[in-house]
Structure formats: structure tokens, C-alpha cells
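Enquirer: Below is one structure. I have some questions about it.
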Amino acid sequence: MSLQDKVMQEMKSAMKAKDTVALESLRAIKSALLMAQTEKGGATTLSEEDEVKMVQRLVKQRKDSAAIFIEQGREDLAATELSQIAVIEKFLPEQLSEEAVEKVVKATINKVGASGMKDMGKVMGLVSKELAGQADGKTISNIVRKNLN
């Protein structure tokens, strides 16, 4: 079942349950899907990898917004963003723990023979490809940086 079909099913359930937060989150996913499909030169259907990247982008946007709202003392708005994150994350592959990410990072460092921060880009590229959708870039970056120092 495609992401669009899953989103539509969830939207129907959210409408029946009158769950406004879930409905708003699902509409954001649907909107992003439609935007990607109708982009100039865009494919009519997205690959699974593109769909995962798009959903990750939506989660990141909401995390950034929540951080800004918390910083400004607007916990009410931050709570909305955080609850939307919970709904949107259902459409991402299961996220790996930091320990699992660290194992992959260490294996990649050994495979590439990376010795310092100058090799960070090479390691990041390989690890990001391998863990596409299973860990966010910030987590990967922090672990790579820790292991290369």
C-alpha cells in the first residue's frame, strides 16, 4: 500500500474520531505528497525513498518549530507541534537506537579507514545512505563526530 493510500485511510479514521490534531498532520502529509507529485518535472508517483525523505522533512520542520515555541515560552503551540510529530512519525520506518547507529558508524569508519574529522563527509554519506529513514541526520552526525574525535 502506498503512502498516499495509508494517509487517506488514516484521514478517514481521524475524521470519524474527530481527531483534529491527527487530521491536521495527515493533511500536511497529503499536501506535501501532492506538491511533490505536481512539481515541475516531478514524477507522478514518488519512490518509497522520496516518500520517507518527505515525511522526515515534515517531522524536522515540526521539531524546529516546537524548539522555537519552547524557547519563546509558548508551550501551548509547542505541544501542538509535538503531538503532530507523533502522528507523522507513524509513517516512518522504525527508528534505530543510538547504539545500533553507533555500530553502523564504527563499521563504516573501519571499512573506509577514516582517521579524523577530514573524513567526516565520506563517513556521513555512506552511513546516511545505509540508514536512510531509520535515523535522522542530526543523530548520525553527532555519533560520527564523536567517533572520529
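None of the figures in this text is laboratory data; all of them are computed from the coordinates on show. Keep in mind the model is a prediction, meaning the values are calculated, not measured. Note that we place each Cβ from the backbone using ideal geometry, even for glycine, and neighbour counts take in every protein chain shown.
Enquirer: Pull up segment 24-64, narrow it to residues that are closer than 19 Å to Lys90 by Cα and among the hydroxyl-bearing types (Ser, Thr, Tyr), then point me to the one that is surrounded by the fewest Cβ atoms within 10 Å (Cβ to Cβ).
Expert: Once the filter is applied, the top-ranked residue is Ser47.
Enquirer: Please enumerate the residues belonging to segment 4-40 that are of a type outside the set (D, E, K, R), over 17 Å from Met54 (Cα atoms) and free of Cβ contacts under 8 Å to residues at least 40 places away in the same chain. Working first, answer last.
Expert: Keep residues of segment 4-40 that are of a type outside the set (D, E, K, R), which gives 4, 7-9, 11, 13-15, 17, 20-23, 25-26, 28-29, 31-38.
Now restrict to residues that are over 17 Å from Met54 (Cα atoms): 9, 11, 13-15, 17, 20-23.
Passing the criteria: Gln9, Met11, Ser13, Ala14, Met15, Ala17, Thr20, Leu23.
Enquirer: Does Met1 satisfy being part of a loop (DSSP other than H, G, I, E, B) and either within 25 Å of Leu131 (Cβ to Cβ) or free of Cβ contacts under 8 Å to residues at least 12 places away in the same chain (or both)?
Expert: Working: part of a loop (DSSP other than H, G, I, E, B): yes; either within 25 Å of Leu131 (Cβ to Cβ) or free of Cβ contacts under 8 Å to residues at least 12 places away in the same chain (or both): yes.
Judged against the criteria, Met1 is a match.
Enquirer: Cβ-Cβ under 6 Å, sequence separation 6+ or interchain: first residue in segment 94-108 and over 13 Å from Gly133 (Cα atoms) and in contact (Cβ under 8 Å) with a residue 60 or more places away in the chain, partner part of a helix (DSSP H, G or I) and not polar (S, T, N, Q). Which pairs?
Expert: That search, which allows pairs on different chains as well, returns nothing.
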